[in-house]
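**Student:** Questions regarding the structure given below will be posed in turn.
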Amino acid sequence: MEFACEEDPVIRVEAFTPGKNVSGIGIPWGVQHIRAPEAWSRTTGYRVNVGVIDTGVDFSHPDLKHSVEQGINVLHRTYLPQDDNGHGTHIAGTIAAANSLRGMIGVAPRARIHPVKAFDYDGTAYVSDIILGIDWCVRNRMDVVNMSFGMKQRSRSLLQAVDNAYHAGVLIIASSGNDGLRDDIDYPARYGQTIAVGATNREGKVASFTNRSEHIDIYAPGDKIVSAWLRGRHREMSGTSMATSHVSGAVALLLALKPGLSPHLIKSILKESAVPLKKGKALRTAGELDVMRMLKAAEKMGGR
């Protein structure tokens, strides 16, 4: 019996700018912009499990200590998934930071972050390690998986892992890439079983760096986003990575109110409730994330 071999390509986290350290106080503009605070009287993402396949998380960060679970380090199984890059900590902060006194608050401050370290200190990973991370998320019953990374080439084995997650009821949210392309987005966001995310700026316009095509499902804030960083700090960064983490947090808010929604239904709710984009440079098939409209659309669709 012959087996077809497939190369194991390198995949990169999706940050467009290296970023700069800032003082991160209160509710970042992106969290405000998607109207997450208006939903907190009804839902804070309580006990929704979010797998973050990335560079790990800074376990000692004061904004994250109430939100982070043990997770897994697929590169070194006996070690904690401690972040040695910063990207994963930034993503986790936007999703579920919860430190109103001195730090910042994320979109879903009572969601549970499960860091899955598949990326090295330089922000690169092999597809085989991503697949291990996705499989871990499925086995450990994550509700949502944030994948703020991308690559240009297709991978049959990555598609198979994404498909397995989809059929297991685990929603994968992925970034479109930062090359400013007009008719192309990165994998795995390009797979129909994921939620593909593009980035907007403060004006609600599509960010110049974001890849876009008819494959995009939703846009969210990704320009000059302040979030948690290594050693208890905060950093401003831009990229479709940052947009993706806003959507993961929003879905956590939704699932805390309506557990058990299928990935297909969540995608429909997000697309149905999106705010039309300004100055339609982007294709009109996708709009911008709005948490309150999302929750209203979910109510309208009824039931679980």
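**Student:** Can you say whether Asp120 is of a type in the set (Asp, Glu) and within 26 Å of Val162 (Cβ to Cβ), as far as the supplied structure shows?
**Tutor:** It is true that Asp120 is of a type in the set (Asp, Glu) and within 26 Å of Val162 (Cβ to Cβ).
**Student:** Consider Ile131 carefully, then state whether it is in contact with a strand residue (DSSP E or B) (Cβ under 6 Å, 6 or more places away or on another chain) and within 18 Å of Gly56 (Cβ to Cβ).
**Tutor:** No, not satisfied.
**Student:** If you take the residues in the range 166-195 that are more than 21 Å from Arg12 (Cβ to Cβ) and among the aliphatic types (A, V, I, L, M), which one is surrounded by the fewest Cβ atoms within 10 Å (Cβ to Cβ)?
**Tutor:** Within the range 166-195, the match that is surrounded by the fewest Cβ atoms within 10 Å (Cβ to Cβ) is Ala168.
**Student:** Kindly provide the set of residues from the range 194-218 that are touching a residue at least 24 places away in the same chain (Cβ under 8 Å), more than 22 Å from Ile134 (Cβ to Cβ), in contact with a Pro (Cβ under 8 Å, 6 or more places away or on another chain) and not aliphatic (A, V, I, L, M), ordered by number.
**Tutor:** Thr200, Arg202
**Student:** Read through the list (1) part of a loop (DSSP other than H, G, I, E, B); (2) modelled with pLDDT under 95; (3) buried (at least 22 other Cβ atoms within 10 Å of the Cβ), then give the number of the only condition that Cys5 fails.
**Tutor:** Only one criterion is unmet by Cys5, namely (3).
**Student:** Let me ask another. Pairs needed: first member in the range 133-154, surrounded by fewer than 24 Cβ atoms within 10 Å (Cβ to Cβ); second member anywhere, of a type in the set (S, T, N, Q); C-beta distance under 8 Å; at least 6 residues apart or different chains.
**Tutor:** Note: pairs meeting the criteria are Asp135/Asn164; Val138/Asn164; Asn140/Asn49; Arg141/Asn49.
**Student:** Among the residues of the range 219-260, count how many are of a type in the set (A, V, I, L, M, F, W, C), touching a Pro at 6+ places or on another chain (Cβ under 9 Å) and either free of Cβ contacts under 8 Å to residues at least 40 places away in the same chain or more than 15 Å from Val52 (Cα to Cα) (or both).
**Tutor:** Selection size over the range 219-260: 3.
**Student:** Considering the range 98-108 alone, what residues qualify as being out of contact with any helix residue (DSSP H, G or I) (no Cβ under 6 Å at 6 or more places or on another chain) and in contact (Cβ under 8 Å) with a residue 60 or more places away in the chain?
**Tutor:** Within the range 98-108, Ser100, Arg102, Gly103, Met104, Ile105 meet the criteria.
**Student:** Let me ask another. If a residue has to be part of a loop (DSSP other than H, G, I, E, B) and either surrounded by fewer than 24 Cβ atoms within 10 Å (Cβ to Cβ) or among the β-branched types (Val, Ile, Thr) (or both) to count, how many in the range 61-87 make the cut?
**Tutor:** Of the residues in that region, 14 qualify.
**Student:** Within the range 49-60, which residues are part of a loop (DSSP other than H, G, I, E, B), touching a strand residue (DSSP E or B) at 6+ places or on another chain (Cβ under 7 Å) and either of a type in the set (Val, Ile, Thr) or surrounded by fewer than 24 Cβ atoms within 10 Å (Cβ to Cβ) (or both)?
**Tutor:** Thr55, Phe59
**Student:** On the given criteria, is Asp129 part of a helix (DSSP H, G or I), touching a residue at least 24 places away in the same chain (Cβ under 8 Å) and out of contact with any helix residue (DSSP H, G or I) (no Cβ under 6 Å at 6 or more places or on another chain)?
**Tutor:** Details: part of a helix (DSSP H, G or I): yes; touching a residue at least 24 places away in the same chain (Cβ under 8 Å): yes; out of contact with any helix residue (DSSP H, G or I) (no Cβ under 6 Å at 6 or more places or on another chain): yes.
Considered against the rule, which asks whether it is part of a helix (DSSP H, G or I), touching a residue at least 24 places away in the same chain (Cβ under 8 Å) and out of contact with any helix residue (DSSP H, G or I) (no Cβ under 6 Å at 6 or more places or on another chain), Asp129 comes out as yes.
**Student:** Go through the range 221-242 residue by residue and tally those that are more than 15 Å from the chain's Cα centre (by Cα) and part of a helix (DSSP H, G or I).
**Tutor:** 3
**Student:** How many residues are out of contact with any Phe, Trp or Tyr (no Cβ under 6 Å at 6 or more places or on another chain) and within 14 Å of Thr43 (Cβ to Cβ) if we restrict to the range 248-268?
**Tutor:** Total satisfying the criteria: 11.
**Student:** Exactly one condition in (1) modelled with pLDDT of 95 or more; (2) within 23 Å of Leu257 (Cα to Cα); (3) crowded, with 16+ Cβ neighbours inside 10 Å is false for His90; which is it?
**Tutor:** Against the list (1) modelled with pLDDT of 95 or more; (2) within 23 Å of Leu257 (Cα to Cα); (3) crowded, with 16+ Cβ neighbours inside 10 Å, His90 comes up short only on (2).
The values are calculated or read from the model by the stated rules, or taken from the named source; none is laboratory data. Keep in mind that what you see is a predicted model, and the values were worked out from it rather than measured. Here Cβ is always computed from backbone atoms with ideal geometry, including for glycine, and neighbour counts include all displayed protein chains.
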